[in-house]
1. Could you run through the range 433-462 and say how many residues are surrounded by 15 or more Cβ atoms within 10 Å (Cβ to Cβ), under 22 Å from the mean Cα position of the chain (by Cα) and of a type outside the set (D, E)?
2. Step by step: first the residues of the range 55-94, then only those that are more than 11 Å from ligand 2 (Cβ to nearest atom) and assigned to a helix (DSSP H, G or I), then the one that is surrounded by the most Cβ atoms within 10 Å (Cβ to Cβ). Which residue is that?
3. Run down L389, L385, L372, L412 and say which single residue is closer than 25 Å to T301 by Cα and either in the same structural domain as K319 (by TED's automatic domain parsing) or of a type in the set (A, V, I, L, M) (or both).
4. In the range 32-53, which residue that is charged (D, E, K, R) and out of contact with any strand residue (DSSP E or B) (no Cβ under 9 Å at 6 or more places or on another chain) is nearest to ligand 1 (Cβ to nearest atom)?
5. Identify all residues within the range 420-432 that are closer than 23 Å to L14 by Cβ and surrounded by fewer than 18 Cβ atoms within 10 Å (Cβ to Cβ); write none if there are none.
6. List, please: which pairs have Cβ atoms under 7 Å, are six or more places apart or on different chains, and start with a residue in the range 32-51 that is within 16 Å of ligand 2 (Cβ to nearest atom) and end with one that is among the basic types (K, R)?
7. Looking only at the range 95-110, which residues are closer than 17 Å to N61 by Cα and in a strand (DSSP E or B)?
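The values are calculated or read from the model by the stated rules, or taken from the named source; none is laboratory data. As the structure is a prediction and not an experimental result, all values here were calculated from the model. In this analysis, Cβ positions are derived from the backbone assuming ideal geometry, glycine residues included, and neighbour counts consider all displayed protein chains.
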Amino acid sequence: MYRENYYHSLQAELVEMVADHLTPVALRYGYTDTPLESSVKWRPQVLLLGNYSSGKSTLINELLQAYIQDTGQAPTDDSFTVITHDESESETLPIRVTDERDGKVLLNDQEYPFESLKKHGDRFASHFRMKRVNSPFLKNLAIIDTPGMHDSHAERDRGYDYLEVVGSFVQMADLILILFDPHKAGTVRELRRSIRETLPTRTHEDRVRFVLNRIDECASLTDLLRVYGSLCWNLSQMTGRKDIPMVYLSHSPHAAPASSTESEDKKAYLPYLANQREELKNAILKAPLHHLDHLATFIETHGGRLSHLLEALISYRRKFRMFRLKNTLIGFIVSLVCGGGMSLAMLTTEMPAQIGEYMGAAGLEGLVHQALGVGGVIALLVFILWMVLIQGLFAKPFRRKLLRDIDTLTPLENQSRKDTWESIRELAYKYLEKTGGRFPVGQTKREHNRLLEVCEKGSREVREALSELSNIKADEIEEADASPADGETLRTK
Ligand SMILES: Nc1nc2c(ncn2[C@@H]2O[C@H](COP(=O)(O)OP(=O)(O)OP(=O)(O)O)[C@@H](O)[C@H]2O)c(=O)[nH]1
Ligand SMILES: [Mg+2]
C-alpha cells in the first residue's frame with residue numbers, strides 16, 4: 001500500500017510539474033496544440049505490436065484470464081483496442097468486458113490521453129476502441145492490442161497512415177512488446193518498417209521488449225535455434241545495433257494443439273523455456289515503474305527541447321540588439337560628421353567675409369555659436385533620419401539573414417544538442433517569422449531560467465525518488481500504510 005501510495009503521489013507530482021512548467025511554455029511558443037500532460041497523465045500503458053497471428057490477443061487473454069480479444073489463425077483484428085480496468089465492477093464476478101467505447105468517444109474524452117490521435121482522421125477513429133474489463137491484472141495498467149502487421153498491406157489499404165498511428169502509440173506507451181512467431185521471424189515488411197523507422201525516433205530502447213512467441217511450433221530444438229538466429233540477425237538489421245537484444249522465448253500452453261507423441265518427444269526442450277512467459281508477465285506488471293521513468297524522461301526531453309527553443313529565441317534578440325547598438329553608433333558618428341561638416345562649412349564661408357568687415361570678438365563668438373547651433377540641428381536631424389529610415393532599412397535584411405543562418409543562433413557542440421535543435425529548429429523559424437522577432441524577451445528569459453531549474457534540479461530529484469521507490473520492497477508494503485504528504489515526494493516544484 002505504501003509503495004502504491006508513493007507511486008501515485010510521485011506520478012501526480014510529475015504530471016503537475018509538466019502542467020505547471022512545461023505546458024504553458026509549450027502552448028505559447030507553438031510547441032504543442034494540446035496540453036503536454038494529457039498524453040502522460042493516464043495510467044501506465046503496455047503496447048503489443050507484432051505480425052498477424054503472432055499471438056498478441058492470445059497473450060492478452062491469458063494475462064486477463066478470460067476470452068476478451070478474438071483470436072484466430074487468419075488475420076483477425078484490424079483495430080487498436082485499449083483494454084483497461086473497470087473499477088466499478090466487482091472482481092469477484094466472472095471476468096468479462098463490462099463496457100465498450102468507440103474511437104470517436106475516446107478521442108474526445110478528456111479523461112483519456114488520446115486527444116492528440118485525432119490527427120489520424122476518421123478512418124483511424126473507426127478502427128479504435130476501448131474495452132473495460134474487471135480483471136485484477138489491469139488494476140495498475142492498460143494494455144493496447146494492435147492490428148497485426150502484414151506484408152501485403154500498403155498504407156492506402158488501411159485508409160490511414162498505419163506507421164504514423166503506431167508511432168503515436170509508441171510515443172505514449174510505457175512498455176512495448178514486439179511479438180514474432182517462428183513462421184515469420186522478423187520478415188514482415190510493416191513490422192520491419194515500424195522497428196526501423198518508428199521505434200528509434202519515438203521511444204527509448206529500455207522500453208522495448210522483443211518476444212519470439214509460439215515456440216512450441218518449432219519442429220525441434222535445432223529448428224528453434226535456427227529461427228532464433230534468423231530473428232536476431234533480422235533485429236540487428238532493423239535496429240542497427242551490433243549487440244543481440246534480449247529476446248523472450250514464449251508460447252501459450254493453452255493455444256498449442258494436442259500433438260502426437262512423436263512430435264512431443266522432439267519438443268522435450270519446451271519445459272526448460274516455459275518460464276519466460278512468466279518473466280514476460282512480470283515485466284508487464286512492472287509497467288507502472290516504467291511509467292514513472294517514462295514521465296521523468298518525458299520531462300527531461302520536452303524540458304530540454306523547450307529550453308533550447310527559448311535559448312535560440314533569446315540569442316536572436318541578443319544578436320539583433322547588438323546589430324541595433326552598432327547601427328546606432330554608426331548613425332551617431334554619421335550625424336556628428338554631418339553636423340560638424342555643416343558647422344565647419346558655415347564658419348569657413350561666413351568668417352572671411354565677416355572678418356573683412358572688421359567684426360569684433362563678440363561678433364566672431366556669435367558666428368561660432370550660430371554655426372554650432374546649425375550643425376547641432378543638422379546632426380540631430382540626420383540622427384533621427386538614420387534611426388527612423390536607415391535603421392529600418394538595414395534591419396529587414398539583417399532579420400532575414402538571421403533566419404537564413406538560423407543554426408548560428410545556438411551552439412551545437414555535441415550530438416545531443418544537435419538532436420534537440422533538429423527537433424525544434426523548424427518551430428524556432430516559424431515563431432520568429434510569425435512574430436517578426438518582436439516578442440517580450442524579458443518574459444522569455446524568465447521562462448528559460450525556470451525551465452532550466454525545473455529540468456536540472458527536478459529531473460535529478462525525480463531520479464532519486466525513482467530509485468527510492470524501486471528500493472521499497474514488497475514486504476515493506478504493509479509496514480507503512482501512510483501516504484507521503486503532498487509535496488513531500490519531490491522537493492522541487
Ligand atoms: N501453437 C501455438 N499457437 C498459438 C500460440 N499463441 C497463439 N496461438 C494461436 O495462433 C493463432 C493466432 O493468435 P492470435 O492471438 O489471434 O494472434 P494475433 O497476433 O492477435 O493476430 P492478429 O489479431 O491477426 O494480429 C490463434 O489460433 C492462437 O490460438 C502459441 O503460443 N502456440
Ligand atoms: Mg489479435
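1. Residues meeting the conditions: 10.
2. Among them, the one singled out is L64.
3. After ruling out the rest, the residue left standing is L412.
4. Checking each candidate, the answer is K41.
5. S423
6. Correct list of pairs: L48/K56; G50/K56; N51/K184.
7. Result: V97, T98, D99, E100.
The rows are residues; the columns are (1) at pLDDT 90 or above; (2) loosely packed, with under 13 Cβ neighbours inside 10 Å; (3) assigned to a helix (DSSP H, G or I).
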{"residue": "T348", "(1), (2), (3)": "no, yes, yes"}
{"residue": "L364", "(1), (2), (3)": "no, no, yes"}
{"residue": "A371", "(1), (2), (3)": "no, no, yes"}
{"residue": "L381", "(1), (2), (3)": "yes, no, yes"}
